[in-house]
Every structure is written in C-alpha cells, then in structure tokens.
Amino acid sequence: MDLLFWITVGFIIIGFIVLASMKRNMESKLAFIKGNMESKKSSSAIRSIVWWIVGTTAWGIVSMTLVVWWFSAK
C-alpha cells in the first residue's frame, strides 16, 4: 500500500465524517428558511447552505480524482 492510497482513503473518510456532522445543522437551517422567508437571517442561512453544497461537490470531485489517480498510478 502506497502513500497515495492512504491519502485517498483518509480524505474520503474525513470528508464523510465532516458531511455527516454538518448534515443536521444544514437541515435545521433549511427548515428555518422555509419558515421565515422574509427574515434577513434567512439570507445568511441560504448563503451557508449554498457554500455547503459547493464544498460537498468539490469534495466529491476531488475524491473521484484521487481514486482515478490512484488506479492510474498502479
């Protein structure tokens, strides 16, 4: 097992842990937004949800790239 394999596995596992820990917080922010569409706090909640989606997408793309890179390096 090489270093690239362990970097890939660690990145994916740590990413899952972070996503799982943030999921409940994002669900509560989404419920707050649905309930208070007119509030100024909802715009900051929307912004944080959008950044969470962007971060999750970037994490997924980097994870897939690391897996492909690991298989091509073998």
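The values are calculated or read from the model by the stated rules, or taken from the named source; none is laboratory data. Keep in mind that this is a model prediction, so the values were computed, not measured. Methodologically, a virtual Cβ is constructed for each residue, glycine included, from the backbone with ideal geometry; neighbour enumeration extends over all protein chains shown. The accessibility values were calculated without ligands, DNA or RNA, using every heavy atom of the protein model including side chains. Shrake-Rupley method; radii C 1.70, N 1.55, O 1.52, S 1.80 Å.
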Could you work out how far apart the two model spin labels at residue 4 and residue 57 are, taking each label as a point 7 Å from the Cα in the direction of the beta carbon, and quote it in nm?
-> 2.7
Return the calculated 222 nm mean residue ellipticity for the chain, to the nearest 500 deg cm²/dmol, obtained by summing -39500 (n - 2.57) across DSSP H runs with n ≥ 4 and dividing by the residue count.
-> -32500 deg cm²/dmol
The chain - percent of accessible surface contributed by carbon and sulfur, probe 1.4 Å = 74
For the chain, the per residue accessible area (1.4 Å probe, Å²) is 78
Treating cross-link reach as a plain straight distance, find the lysines whose alpha-carbon is under 20 Å from the alpha-carbon of residue 29, omitting any fewer than eight places away in the same chain.
-> 40, 41
Computed over the chain: longest principal axis from alpha-carbon atoms vs helix 41-73 long axis, angle to nearest 10 degrees, is 10
In debye to the nearest 20, how big a dipole does the chain give about its Cα centre with +1 on each Lys and Arg Cβ and -1 on each Asp and Glu Cβ?
-> 320
Pulled fully out, how much extra length does the chain show between residue 30 and residue 65, if you take 0.36 nm times their separation in residues and subtract their Cα-Cα distance?
-> 9.6 nm
In segment 1-71, trypsin sites (Lys or Arg not before Pro) in a DSSP loop with at most 14 other beta-carbon atoms within 10 Å | 40
Length released on extending from residue 16 to residue 39, taking residue separation times 0.36 nm less the Cα-Cα span = 5.1 nm
Could you work out how far helix 3-35 tilts from the main Cα principal axis of the chain, as a 0 to 90 degree angle to the nearest 10?
-> 10
Return the Rg/Rh value of the chain, two decimal places, where both radii are evaluated on C-alpha atoms and Rh is the Kirkwood radius.
-> 1.18
